[in-house]
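Just so it is clear, none of the values below were taken in a lab; they were calculated from the coordinates. Just so we're clear, the structure is a prediction, and the values are computed from it rather than from any experiment. We place every Cβ from the backbone using ideal geometry, glycine too, and count neighbours over all the protein chains shown.
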Amino acid sequence: AQTVTQSQPEMSVQEAETVTLSCTYDTSESDYYLFWYKQPPSRQMILVIRQEAYKQQNATENRFSVNFQKAAKSFSLKISDSQLGDAAMYFCAYRGTASKLTFGTGTRLQVTL
Amino acid sequence: GAVVSQHPSWVICKSGTSVKIECRSLDFQATTMFWYRQFPKQSLMLMATSNEGSKATYEQGVEKDKFLINHASLTLSTLTVTSAHPEDSSFYICSARDNWSDSYNEQFFGPGTRLTVL
């Protein structure tokens with residue numbers, strides 16, 4: 001079974017600074033997708049960024065980018081120019097051939113002035 | 001596009017009663033929907049995969065007879081918590097896949113339903 005590990009329960013970043021959230025996963029599959037989701041206090045899950053395993057190029061969405069290391073099974077999220085609205089729970093998720101998502105335990109991000 | 005709604009957004013019920021939660025894909029058809037459960041300050045745990053026109057696939061440890069899932073149309077899946085007890089109190093989230101779009105690998109999430117069983 002696939003597992004997703006987020007080793008940072010909480011992180012803090014100052015506004016306008018950069019922060020990196022870590023995620024590792026374990027799988028024997030070669031074709032899969034990785035996601036970062038944001039869950040603000042409203043608890044609505046919001047897709048932040050997606051990475052296809054067959055693509056070597058790291059995905060980027062505006063201030064959000066990933067560092068995908070397939071051999072190391074690592075998938076970290078970098079948030080640049082952090083904003084107060086970035087404060088939320090961030091979940092790393094894996095989707096393989098079974099089509100279902102497996103989530104990590106989450107990282108709570110605080111953004112300070 | 002790709003909006004998923006849930007109803008109700010919150011519900012309080014007495015122990016022993018049954019509660020039905022609806023999940024609708026508003027602007028797309030979804031042959032597959034997913035039901036998750038999230039306890040406070042915890043991650044989302046997949047309960048079951050709902051397939052239109054067929055039986056749901058439950059994850060290990062999830063009681064099929066307690067959590068009844070019906071996916072009768074391409075836009076609606078329902079989760080019924082039967083004979084609810086206080087330990088069933090949780091946040092229930094559904095998601096849906098748009099099988100006919102370029103984002104078919106993505107799941108779109110509903111806003112969740114908070115269930116409190118007294």
So B:LEU46, is it within 14 Å of another protein chain (Cβ to nearest Cβ), surrounded by 13 or more Cβ atoms within 10 Å (Cβ to Cβ) and touching a helix residue (DSSP H, G or I) at 6+ places or on another chain (Cβ under 7 Å)
no
Residues in segment A:76-91: is at least one away from every other protein chain (no Cβ under 11 Å), farther than 23 Å from B:GLN107 by Cβ and of a type in the set (Val, Ile, Thr)?
no
Could you go through segment A:44-60 and let me know if any residue there is β-branched (Val, Ile, Thr) and surrounded by 15 or more Cβ atoms within 10 Å (Cβ to Cβ).
yes
Condition first: in contact (Cβ under 8 Å) with a residue 60 or more places away in the chain, surrounded by fewer than 19 Cβ atoms within 10 Å (Cβ to Cβ) and not basic (Lys, Arg). Can you find one or more residues in segment B:55-71 that meet it?
no
Just to be sure I understand the filter: pairs with C-beta atoms under 9 Å, separated by 6 or more residues or on different chains, first member in segment A:49-74 and within 18 Å of A:VAL19 (Cβ to Cβ) and within 14 Å of another protein chain (Cβ to nearest Cβ), second member among the β-branched types (Val, Ile, Thr) and surrounded by 15 or more Cβ atoms within 10 Å (Cβ to Cβ). Which pairs pass?
A:ILE49/A:VAL66; A:ALA59/A:ILE49; A:ALA59/A:VAL66; A:GLU61/A:VAL48; A:GLU61/A:ILE49
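Residue-wise test of (1) in contact with a helix residue (DSSP H, G or I) (Cβ under 8 Å, 6 or more places away or on another chain); (2) under 21 Å from B:SER5 (Cα atoms); (3) polar (S, T, N, Q); (4) away from every other protein chain (no Cβ under 14 Å).
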| site | (1), (2), (3), (4) |
| --- | --- |
| B:SER50 | no, yes, yes, no |
| B:LYS55 | no, no, no, yes |
| B:LYS64 | no, no, no, yes |
| B:PHE67 | no, yes, no, yes |
| B:THR75 | no, yes, yes, yes |
| B:SER83 | no, no, yes, yes |
| B:GLU87 | no, no, no, yes |
| B:ILE93 | no, yes, no, no |
Picking from B:THR49, B:THR80, which residue would you name as being without any contact (Cβ under 8 Å) to a residue 60 or more places away in the chain and of a type in the set (S, T, N, Q)?
B:THR49
Taking first residues from segment B:23-34 that are over 17 Å from B:PRO8 (Cα atoms) and second residues anywhere that are among the acidic types (Asp, Glu) and crowded, with 20+ Cβ neighbours inside 10 Å, the pairs with Cβ under 7 Å that are 6 or more apart or on different chains are B:PHE28/B:ASP98; B:ALA30/B:ASP98
Right, B:SER5: assigned to a strand (DSSP E or B), out of contact with any Gly (no Cβ under 9 Å at 6 or more places or on another chain) and touching a residue at least 24 places away in the same chain (Cβ under 8 Å) or not?
no
